[in-house]
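Everything on this sheet refers to the single structure shown next.
The values are calculated or read from the model by the stated rules, or taken from the named source; none is laboratory data. Keep in mind the model is a prediction, meaning the values are calculated, not measured. Cβ placement follows ideal geometry from the backbone for every residue including glycine, while neighbour counts extend to all protein chains displayed. These accessible areas exclude ligands, DNA and RNA; they are computed on the full protein's heavy atoms, side chains included. Shrake-Rupley method; radii C 1.70, N 1.55, O 1.52, S 1.80 Å.
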Amino acid sequence: MQSFFEITAYAIIAYMLFSSLSYLGFFMLAFRKVKREDKLDRRESTEDFLRNQNTYPVSILVPAYNEEVGVVSTVRSLLALEYPEKEIIVIDDGSKDETSNRMIAEFQMKEIQFALRKHIETAEVLAIYQSSIFPFIRLIKKANGGKADALNAGVNLSSYPYFCAIDGDSILENDGLLKTMKPIIESDGQIIVTGGSVRIANGSTISRSKVEAIDLPKSPVVLMQIVEYFRAFLIGRIALSHMNILLIVSGAFGVFNKERVIQAGGYNKNTVGEDMELVVRLHRLLREEKSRQRIEYVPDPVCWTEAPESLDVLRSQRIRWQRGLFETLWTHRKMMMNPRYGSVGLLSMPYFLLVELLGAVFEFVGYFIIFGGFFFSLVDPTTAGILFLVTVFYGSFVSALAVLLEELTLHKYPKASHLARLYFWALTEAFWYRPLMVVWRVQGIFAAFRKKAHWGDMKRKGISS
């Protein structure tokens, strides 16, 4: 029995070293791409698009369920966006709070008769309202059907060829939409989806729906989420996008070609990971058509959102994310290791299966062996010690790289003390935060079998004043 655990321990050591090398490769790709783009005058290039008559108009969809705290601030931030032509559609998905009433009162909205195109079937639409101050702001009140169903209702009502999906608690930077649409416009529509970076707003000063001063929160739980977001966006998504195998665009902020989304069947209402599932389905559609169209990630941080501050809410969020990942990979298992789907099937799908999904299982077993080796002689103490060191290295190394990439490239956090604090917490990750994430991610895999769909309960404090 001991030899079995010894073999398992060394297999996990090999797995963690392989994963670390993968992340190091991603880091090198991301660093080269961001440094190359950092030399460009981004402000000058985006200002050109403000005067460009070929800029595509965009419908901005804001699905909202019990978002009375943040929905008005989000819409006000969208009003301030520098973009030539846009419409804003808030979809109240059967909220039990004052979400709709806040919108109606703030923007002086009146109920209107509107022909709703049924491109995609949705739960019943109860009423449509339009602002008398800003006629391009509309509100859909509908029966509850989940976030995917709310977005599909927004797609049905939208007028423009591209839509931007943004969470009801998020704040976009003024040039955020321009930055995210820029690759689409420059490619003459060959890029059909773009996603931008999402940053955590907790601790920062936000006034009049705008980030006035960037700062760090005091909570270690939120600080670690900031480091996580660095890792996910600055390393993972830049590298995967560079190879055109990006499988996820954050549900908090992304831009989509409406025709392609309708062709793909809209958002899937039968998964809690509707954002990732749609992107994978679009990849599948493109590969089956042998299309050269692309899905791309824009590294500039453009969207600010509120992160969970309590462990209970964070646990619920991470279980939901892991469940969504499982459901997406299972739904599209036909693509796994299938040459027909090119590098998406041969590289990206296996990566998300082995590292992002099953990685939690490997790490969980690793923690069990470390504990058993030190206290119950399941393995030789030397083996347990090596596994412990590799686990600490794996848990902290990638996070430290992510903080380094932020400092070398985007410089969003202005003080040296900010980076010092983030480095410190990144190095502590393996001792407390990562084990929690591993346990919750394993629970998320089991949750995928229970199939109880819901929006999720994120208790908002509000990120704007």
| remark: Taking only protein heavy atoms and a 1.4 Å probe, the highest-to-lowest accessible-area order of 450, 117 is 450, 117
| In sequence order, calculated HN-Hα J values of the stretch 246-263 (Karplus, 6.51, -1.76, 1.60; Hz; x Gly/Pro) | 5, 9, 9, 10, 3, x, 6, 6, x, 10, 9, 6, 4, 4, 5, 5, 5, 4
| query | So what is the relative contact order of the chain, in percent, for Cα pairs below 8 Å that sit 6 or more residues apart? | reply | 21 percent
| field | (1) 4, 20, 31, 27, 13, 4, 1, 0; (2) 4, 18, 26, 22, 15, 11, 4, 1, 0; (3) 4, 20, 28, 24, 14, 7, 2, 0, with the label sought being that of the calculated P(r) over Cα pairs in 10 Å bins from 0, in percent | value | (1)
| task | Take the alpha carbon atoms of the stretch 375-418, find their center, do the same for the stretch 221-275, and report the distance between the two centers in whole angstrom. | result | 25 Å
| query | Which of the listed residues, 393, 418, 383, is farthest toward the dipole's positive end in the stretch 372-448, when Lys, Arg count +1 and Asp, Glu count -1 at the beta-carbon? | reply | 418
| field | Placed amide H near residue 254: partners under 5 Å, 5+ positions off or other chain | value | 165
| message | What's the ranking of 139-145, 318-324 by average number of surrounding C-beta atoms within 10 Å, highest first? | response | 318-324, 139-145
| field | Convex hull projection area averaged over all views, the stretch 316-427, Cα basis, nm² | value | 10.5 nm²
| Candidates per chymotrypsin sites (Phe, Trp or Tyr not before Pro) in the stretch 75-151, loop by DSSP, up to 14 other Cβ within 10 Å | 114
| query | Leaving out ligands, DNA and RNA but keeping every protein chain, what accessible area does residue 241 have, in Å² rounded to the nearest 10, with a 1.4 Å probe? | reply | 0 Å²
| Using helices alone, what [θ] at 222 nm do you get for the chain, with -39,500 (n - 2.57) per DSSP H run of 4 or more residues, divided over all residues and rounded to the nearest 500? | -16000 deg cm²/dmol
| said: Need one value: the accessible area of residue 104 in square angstrom, 1.4 angstrom probe, rounded to the nearest 10. | reply: 40 Å²
| field | Distance in nm between pseudo-label sites at residue 354 and residue 116 (7 Å out along the Cβ direction from Cα) | value | 4.6 nm
| request: Using a/c under 1.5 as the rounded threshold, could you call the stretch 214-264 rounded, prolate or oblate? The axes a ≥ b ≥ c are square roots of the C-alpha gyration tensor eigenvalues, and prolate needs a/b larger than b/c, oblate otherwise. | output: prolate
| Kyte-Doolittle mean at least 1.0 and Cα axial length at least 15 Å: DSSP H helices in the chain | 359-376, 381-408
| Cα-projected label distance for residue 24 with residue 337, points at 7 Å along beta-carbon direction, nm | 2.7 nm
| What shape does the stretch 69-208 have by the C-alpha gyration tensor, where a ≥ b ≥ c are the square roots of the eigenvalues, rounded means a/c under 1.5, and otherwise prolate means a/b greater than b/c and oblate the rest? | oblate
| task | Compute, for residue 109, the solvent-accessible surface of its heavy atoms (probe 1.4 Å) with the complete set of protein chains present, and express it in square angstrom to the nearest 10. | result | 20 Å²
| Amide proton proximity set for residue 127, modelled H, under 5 Å, gap of 5+ | 141
